[in-house]
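Worksheet: the structure to be examined is printed underneath.
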Amino acid sequence: MKTIFYYFSLIMFLFMQDAMAQTKIIAHRGFWDTSGSAQNSIAALLKADSIGCYGSEFDVWMAGDGELVVNHDASYKGVKMDKATVADINKLKLANGEPMPTLTQYFEAAKKTNIKLILELKKLSSVKLETEAVEKIVALAKSYGLDHRIEYISFSKHATEEFIRLAPKGTAIFYLNGNLNPQQLKEMGCAGPDYNLSVFKKHPNWIEECHQLGMKVNVWTVNKESDMEWCINHKIDFITTDKPVLLQHLIASQQ
Ligand code: MG
């Protein structure tokens with residue numbers, strides 16, 4: 001005979017399953033669209049953490065002297081990332097007045113947070129440099145004790161494969177470029193796709209296929225409420241957005 005405890009446990013289990021399946025929010029280049037912040041700044045990382053996002057995404061280049069740098073574009077205010085030195089980088093100011101951070105400075109700040117770090121390695125000029133960058137990033141994350149809460153993403157297939165080869169087992173690594181199907185991603189060893197919304201609108205069946213293969217699904221960069229609703233309804237696991245507060249309200253209103 002089933003006891004009250006049995007039914008209570010069942011309800012709790014179903015509730016937990018539902019809670020665990022909830023769409024998670026990744027702040028694109030940190031939570032930058034707010035006072036005192038800037039894209040890819042340390043402030044944006046801390047602000048994404050302070051509002052309780054699952055993750056904070058940021059972009060990494062390797063400078064000419066081998067230093068790892070947090071920035072989105074190949075150049076900033078006329079300084080080319082792949083030709084710059086760490087001294088050049090530290091002179092650059094972000095929109096909030098903060099110096100452009102090196103990855104070491106960024107990790108130093110990240111130690112004081114609990115948020116997942118979603119590190120995008122930009123496509124570099126050669127596979128050799130990408131391998132060198134991946135080796136340095138993985139070693140640096142380990143030295144800061146951050147390897148348990150870092151995830152890696154890249155448009156470069158080579159860099160993605162190198163993260164899979166070199167990061168500790170169990171590290172989630174997603175591929176950004178949108179051109180591989182779920183089976184190909186699985187065979188590569190990815191945690192799943194991290195694709196532009198247009199890819200999933202074109203192939204909505206890929207979401208279910210990924211889940212059946214035991215992978216997670218991430219989408220970028222979703223800023224419109226109607227698109228956020230589409231992603232939630234299609235059970236996408238992670239939404240990368242410039243509007244994390246809007247998405248938080250939307251998720252809360254659906255509960
Ligand atoms: Mg990025």
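Read-outs throughout are calculated quantities, based only on the coordinates presented, and are distinct from any laboratory measurement. Note that the structure is predicted; figures quoted are calculated from it, not measured. Positions of Cβ are generated from backbone atoms using ideal geometry, with glycine treated the same way; all protein chains shown enter the neighbour counts.
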Can you name the residue in segment 134-161 that is closer than 25 Å to Lys186 by Cβ and among the small types (Gly, Ala, Ser) and, of all such residues, is farthest from the ligand (Cβ to nearest atom)?
Ala141
Looking only at segment 78-94, which residues are over 14 Å from Ile42 (Cβ atoms) and of a type outside the set (Ser, Thr, Tyr)?
Gly78, Val79, Lys80, Met81, Asp82, Lys83, Ala84, Val86, Ala87, Asp88, Lys91
Run down Ile118, Ile164, Ile173 and say which single residue is under 16 Å from the mean Cα position of the chain (by Cα), within 16 Å of the ligand (Cβ to nearest atom), more than 14 Å from Asp59 (Cβ to Cβ) and not polar (S, T, N, Q).
Ile173
Where residues in segment 29-50 are over 14 Å from the mean Cα position of the chain (by Cα) and closer than 17 Å to Lys111 by Cα, which of them is nearest to the ligand (Cβ to nearest atom)?
Ser41
Would you say Asp65 is in contact (Cβ under 8 Å) with a residue 12 or more places away in the chain, of a type in the set (Asp, Glu) and either surrounded by 14 or more Cβ atoms within 10 Å (Cβ to Cβ) or within 15 Å of the ligand (Cβ to nearest atom) (or both)?
no
Quick test for you: out of Asp82, Asp73, Asp33, Asp49, pick the one residue that is of a type outside the set (Phe, Trp, Tyr) and without any contact (Cβ under 8 Å) to a residue 12 or more places away in the chain.
Asp73
With respect to Asn90, determine if the residue is of a type outside the set (Phe, Trp, Tyr), away from the ligand (no atom under 15 Å from the Cβ) and touching a Pro at 6+ places or on another chain (Cβ under 6 Å).
yes
